[in-house]
1. Using beta carbons and a limit of 6 Å, which pairs, at least six apart or on different chains, have the first residue in the range 86-102 and of a type in the set (S, T, N, Q) and the second one at pLDDT below 85?
2. Working only within the range 190-213, note down all residues that are closer than 16 Å to H292 by Cα and under 11 Å from the mean Cα position of the chain (by Cα).
3. What are the residues in the range 135-159 that are free of Cβ contacts under 8 Å to residues at least 60 places away in the same chain and within 16 Å of I214 (Cα to Cα), if any?
4. Under 6 Å between Cβ atoms, which residue pairs at least 6 apart in sequence (or on different chains) link something in the range 175-190 that is without any contact (Cβ under 8 Å) to a residue 40 or more places away in the chain with a partner that is in a loop (DSSP other than H, G, I, E, B)?
5. Where the second residue is part of a helix (DSSP H, G or I) and among the β-branched types (V, I, T) and the first is in contact (Cβ under 8 Å) with a residue 12 or more places away in the chain and lies in the range 1-15, which pairs have Cβ atoms under 7 Å and are six or more apart or on separate chains?
6. From L163, L190, which residue is in a helix (DSSP H, G or I) and under 20 Å from I20 (Cα atoms)?
7. Looking at the range 168-176, can you tell me whether even one residue there is part of a helix (DSSP H, G or I), surrounded by 17 or more Cβ atoms within 10 Å (Cβ to Cβ) and either hydrophobic (A, V, I, L, M, F, W, C) or in contact with a His (Cβ under 6 Å, 6 or more places away or on another chain) (or both)?
8. Going residue by residue through the range 104-112, is there one that turns out to be at pLDDT below 55, surrounded by 17 or more Cβ atoms within 10 Å (Cβ to Cβ) and of a type outside the set (G, A, S)?
Amino acid sequence: MALNEFNSATDNLSQFETRITSSCASDASLVLLKAQLDEVRILWDKIAQESHRCKRALKQSESSALGIQAVQAKYEYCYLVYERCATMLTEQIEKASVPSTAPAPAFQSRVCSLPSVETKGLDKRRLVNSQLKILSNLSPLAQESVSALKELQSTIQGCLTTLEHCSISTENWDCLLVFLCSSKLPRLTLSLWEHSLQSKTDIPTWREMNTFLIHRYQTLEAIEFFQPSHEAKVGIKAQTCKLCSKETHPIRFCPRFLQKSVNERAAVIKQQKLCFNCFARGHQWKNCKSVHNCLTCKKRHNTLLHRGAPPSGSQLQA
């Protein structure tokens, strides 16, 4: 229970950072900025409180050492998130305030004593090194998970934001960031990313990959929302994949299917009499009720069947 509360508190801080970094700072009023600074203080206080509770609870368990170490690592990372959020908001408040000779007061936590968030007071080298360490230690995603994709996207974007505040230019980091992030993606998401690229030879930008990741986890969230409940699945016998004859996964997740060329995939879909858009049985692409189209060209076929130019209706029915 204590660990769940701690994780919930850290998630709230990560979501707060994503919200304020994606919003337009120039449109924020002074009142809003001050309210956000108060909010991030409250979020940090909550994390500090739950961290202490969680450590006390873990001391009573068998794996206390490893558990406490993991909590401490996450606690320290969250402090860096808190530090950069408070720094950014303080700077924006100073810009939005009427010029005065008195310096802006440094923020302090109500739970523990914290250093000033003024940029000149920060150990820039330590902060930069910590962000580079986070980027170099990113873990591969084992499965298609909304929370894991969100964390990967927000972690990389958060590190870039912090580096920019430290006057570290990341303008020419596209190839490094895209390669680093691609190497951590699960197979299906990586396949969809490659299919979304307009050019297979040009180097994609981090902005393109960041946008793709956001759209990808939003799609997974929508799929999870509309998935039938466990009760509705009871009594339905899972069908074995007709392509590999071993697994019960849908064809879009079949490793053999994903390894084939686009023309070979189209032939498989046609042979199994599946819809060219949603890969379901019982209707054609013209009558498909799915709201999803090709992520690359937005035309009425599945992204895994994109050829650069979408196939015509006559080709699909041939």
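1. Listed by first residue and then by second, the contacts come to T87/V117; T90/V117; Q92/A25; Q92/L33.
2. Correct list: F212 only.
3. The initial filter retains those residues of the range 135-159 that are free of Cβ contacts under 8 Å to residues at least 60 places away in the same chain, namely 135-143, 147-148, 155-156, 159.
If the condition is that a residue be free of Cβ contacts under 8 Å to residues at least 60 places away in the same chain and within 16 Å of I214 (Cα to Cα), then L141, S147, A148, T155, I156 are the ones that fit.
4. C175/I203; V178/P204
5. As it stands, the answer is F6/V71; A9/I47; T10/I47; L13/I47; L13/V81; S14/V81, since those pairs meet every condition given.
6. Values: L190 fails: under 20 Å from I20 (Cα atoms).
L163 is the lone residue from the list that is in a helix (DSSP H, G or I) and under 20 Å from I20 (Cα atoms).
7. Taking the range 168-176 and keeping what is part of a helix (DSSP H, G or I), we get 174-176.
Filter once more, keeping what is surrounded by 17 or more Cβ atoms within 10 Å (Cβ to Cβ): none.
No: zero hits.
8. Filtering the range 104-112 for residues at pLDDT below 55 gives 104-112.
Still in the running and surrounded by 17 or more Cβ atoms within 10 Å (Cβ to Cβ): 107.
With of a type outside the set (G, A, S) added as a condition, the list becomes 107.
Among the residues of the range 104-112, at least one is at pLDDT below 55, surrounded by 17 or more Cβ atoms within 10 Å (Cβ to Cβ) and of a type outside the set (G, A, S), which makes the answer yes.
The values are calculated or read from the model by the stated rules, or taken from the named source; none is laboratory data. Since this is a predicted model, take the numbers as computed values, not measurements. In this analysis, Cβ positions are derived from the backbone assuming ideal geometry, glycine residues included, and neighbour counts consider all displayed protein chains.
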